[in-house]
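Everything below concerns the one structure shown next.
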Amino acid sequence: MGKKTFWEIIRPYVMIFPAMLGIFVFVIYPVFYLIRLSLYKYNLLNKAKSTFVGLSNYKQIFTREDFYVALTNTIVYTVGVVLITMLLSVIIALWLNKKGFFNGLVQAGIFTPHIISIVSIALVWMWLMEPSYGLLNFVLKSVGLPPSKWLQSSSTAMMSVMIVSIWHSVGYYSLIVLAALQSIPPSIYEAAALDNASKFKTFYKITLPLISPQLFFILIIMTIGSFKVFDTVRIMTGGGPNNATTTLVYYIYKFRTTNIGYASATGVVLMIIVAILTFVYFKVLSKRIHYQ
Amino acid sequence: MAFQLRYLWRALDFLIKAVVLIVFVFPFLWMISTSLQTLEETLNFPPTWIPAVPQWINFVEAMTAGPFLTYFKNSVIITVTIIVIQWAVMVPAAYAFAKYSFAGNKLFFSLVLLAFMIPGQVTFIPVYLMLADWGILNTLWPQIIPFMSNAFGIFLLRQFFMQIPQELIESAKLDNANEFKIIWKIMIPMSIPALATITLFSFVSHWNDYFWPLVMTDSTAVRPLTIGIAKLRETEGISNWHIIMAGNVVLVLPILVVYAFASKQIVKAFVYSGIK
C-alpha cells in the first residue's frame, strides 16, 4: 500500500455525502428541532411571537385525560395486533409448509393485501362493515348472529380497526415465518424422528428456537409499526366514536396546526416510547434467541 | 379405516385453505362487483353478488368528482423521482460503506441505521415547518426530497456489496478501471436482486403512501392519488359506495395487475428483505 493521495482520502466522504446530507437534514436535525419546538408555545402565523414555556407542554401531556386515552388505545391496539398476527402467522406458515400448487396460490392470496394501499383497504372494509347494507352484517344475520355496529360504536370500533390491520399484514409475516421454516435443514428433523420425539416437542425444542431470529424481527417491526398506526384510524373512524380509536399519531396529527408545541411534545414522547421498546427488546431477547 | 381418515383430513385441509383464500381475496372481488352496481343494487338485501348490467358510468362519475388526472400525474412523478434520486444517493454511499475503510465509517453507518428507526410520524412537524421556510410547500418536492436517503436501501445494498469478492475489484483496477466504472460495470450488475427489491419496496410504499402527502400538502394541485381517493368519501357522500369503490378500483388495479403477473418475484423480494 502506497501513500494515499488527497483524493483517495476524501473520496469515501464525498460518496457518502449526499446520503448523510439527507439523513442529517430530514431525520437528525428535525429530531432536535422537534425537541426545541416542544419547549415553546409556537405561533404559526408569526414566529417571532413564539414564547419559551419550558416543560409546560410536557406537564400538560401528563395531566390531560385525552392523552391517556390515546396512549391506552395505542397500547391495546399494539398488543392485540402484534399477538394475534404473530400467532396466526406461525399457524399459517406451519400449515402451508409444503410445496404444491394450491399452497402457492394461498400464499399469493394472503400476501396480496400487503402491497395494496391502506387507503383502498380501509375503504373496502368500511363498506364491508357498513351497519345496514354491509356484507359482514349480512353474513352474521344469515348464520343467526346479531349484527354489529362495527366502526360506528365505541365498544366495537377498536376491534374493527384491529381486524383490518391484522388482515392487512398477516400474509406478509406468514411468508417470512414460512421462509424461516424452509431454511431449517431436513436432517435436523430426521434426527428428531430417530429419537421418537413427539410433534409438539419437535416444534417446541427444534423449530421454535431455529425460527426465533425471524420471530424477533417480526416482533420489533410490528410493535414499532403498530405504535405509529394512523392511516386506518384517520380514514375509517376519524379517531371516534367518542375518541375510542384515537391513537398517539392521530392525537399528534389533531394538534399539528392548532398547538404545535404541544403536538411536538407528544411527538417526543412517542419517539422515546419507540426508542425504549427497541432497546428493551434487544436487551431482553438477545439472551434467549438462537442466532445461526 | 386409516385410509379413509387420511382422505377426510385431506378434504378438510383443502376446505380450510379455500376459506382462508376467500377471506383474503374476496374483499377485492367485492370491491370490483360493487364498483359496477347501481345505487339500488348496493342497498339490496340480500346483497347483489353480480350486477345485472355493469355500470361503467360509475368510473366516469368517480373520475370526474375531482382532478384525478392531476392526482394520477402527481403520484407517478413523485414515485418515479424518488426512485431515481434514491439510486443516485444510495449506490455510492453503499459502495463507500462496503469497500473503503475510513475514519467514521462505523459512526456514519450507525447514523444510517438510527435514521431507519426514526419514523416520519415523529419528524413530520419540524420537516413541515422547515419546508415552509424554504417556500416549497406548493410544489411536489416536500413529498420527494425527505426520502432522498433510503436508509433501508443503503443497508441492504451495503450487505450485498460486501459479498462481492475483493479480487474482482482488484483485477478490474489492474485493467485501469476507475471507481465509477467498477461500480457501473461490476457492482450494479451483480446486485440486481438487491436493487430490484429496494426499488419495488420504494415503489409500493410511496405509491401507496397516505400519511406523508396528507400532512405535507395544502392544495389539490400537489396531492397524489391516495388522497384523492380517500377524499371521494367526503365529496360523494357516505352512501355512494358504488362510486367510492369505482375510484378505489382505479387506485388498486395497476398494482393488482402487476402482482398477478409477477407475484412470485414480488413475494420473494418482500420476504427476502424481511429475513435479511
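The values are calculated or read from the model by the stated rules, or taken from the named source; none is laboratory data. Only a predicted model underlies this, so the values are computations on that prediction, with no experimental measurement involved. So basically every Cβ, Gly included, is an ideal-geometry build from the backbone, and we count neighbours across all protein chains shown.
Residues that are touching a Ser or Thr at 6+ places or on another chain (Cβ under 9 Å) number at least 3 in the following helices (runs of 4 or more DSSP H) confined to segment B:174-253: B:192-207, B:225-235.
In the set (1) farther than 20 Å from B:I229 by Cα; (2) part of a loop (DSSP other than H, G, I, E, B), B:A65 fails one condition alone, (1). Restricting A:S226, A:S212 to those that are in contact with a His (Cβ under 6 Å, 6 or more places away or on another chain) and either modelled with pLDDT under 90 or small (G, A, S) (or both) reduces the list to A:S212.
A quick yes/no check of all residues on (1) outside the structural domain of B:P224 (by TED's automatic domain parsing); (2) within 25 Å of the chain's Cα centre (by Cα); (3) assigned to a helix (DSSP H, G or I); (4) exposed (fewer than 13 other Cβ atoms within 10 Å of the Cβ):
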site	(1), (2), (3), (4)
B:V19	yes, no, yes, yes
B:F26	yes, yes, yes, no
B:E40	yes, no, yes, yes
B:F45	yes, no, no, yes
B:A52	yes, no, no, yes
B:K73	no, yes, yes, no
B:T79	no, yes, yes, no
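Checked against (1) within 30 Å of A:R36 (Cβ to Cβ); (2) in contact with a Leu (Cβ under 9 Å, 6 or more places away or on another chain); (3) without any contact (Cβ under 8 Å) to a residue 60 or more places away in the chain, A:L105 passes all but a single condition, namely (1). A:N242 meets the conditions (1) part of a loop (DSSP other than H, G, I, E, B); (2) more than 25 Å from A:N57 (Cα to Cα); (3) not small (G, A, S) in every case but one. The failed one is (2).
Within segment B:114-132, residues that are within 7 Å of chain A (Cβ to nearest Cβ) and more than 13 Å from B:Q143 (Cα to Cα) have Cβ atoms under 7 Å from residues that are of a type in the set (D, E, K, R) and outside any helix (DSSP H, G or I) in these pairs: B:P119/A:K228; B:Q121/A:K228; B:I125/A:R256, counting only partners at least 6 apart in sequence or on another chain. Of everything listed in (1) surrounded by fewer than 18 Cβ atoms within 10 Å (Cβ to Cβ); (2) within 10 Å of chain A (Cβ to nearest Cβ); (3) assigned to a helix (DSSP H, G or I), the single unmet condition for B:S101 is (3). Being surrounded by fewer than 22 Cβ atoms within 10 Å (Cβ to Cβ) and more than 11 Å from every other protein chain (Cβ to nearest Cβ) is the requirement here; does A:S165 meet it? In short, no.
The set of residues from segment B:81-98 being surrounded by fewer than 15 Cβ atoms within 10 Å (Cβ to Cβ) and within 12 Å of chain A (Cβ to nearest Cβ) comprises just one member, B:A88. The set of residues from segment A:99-123 being assigned to a loop (DSSP other than H, G, I, E, B) and buried (at least 21 other Cβ atoms within 10 Å of the Cβ) comprises A:I116, A:S117.
Among the residues in segment B:167-189, are any out of contact with any helix residue (DSSP H, G or I) (no Cβ under 7 Å at 6 or more places or on another chain) and surrounded by 19 or more Cβ atoms within 10 Å (Cβ to Cβ)? Looking through segment B:167-189, at least one residue is out of contact with any helix residue (DSSP H, G or I) (no Cβ under 7 Å at 6 or more places or on another chain) and surrounded by 19 or more Cβ atoms within 10 Å (Cβ to Cβ). Considering only residues in segment A:124-162 that are within 11 Å of another protein chain (Cβ to nearest Cβ), small (G, A, S) and loosely packed, with under 15 Cβ neighbours inside 10 Å, the one that is nearest to B:L232 (Cα to Cα) turns out to be A:S132.
When each of B:L114, B:L107, B:L156, B:L131 is tested for being under 30 Å from A:S264 (Cα atoms) and either touching a Lys or Arg at 6+ places or on another chain (Cβ under 9 Å) or modelled with pLDDT under 90 (or both), the lone residue that passes is B:L114.
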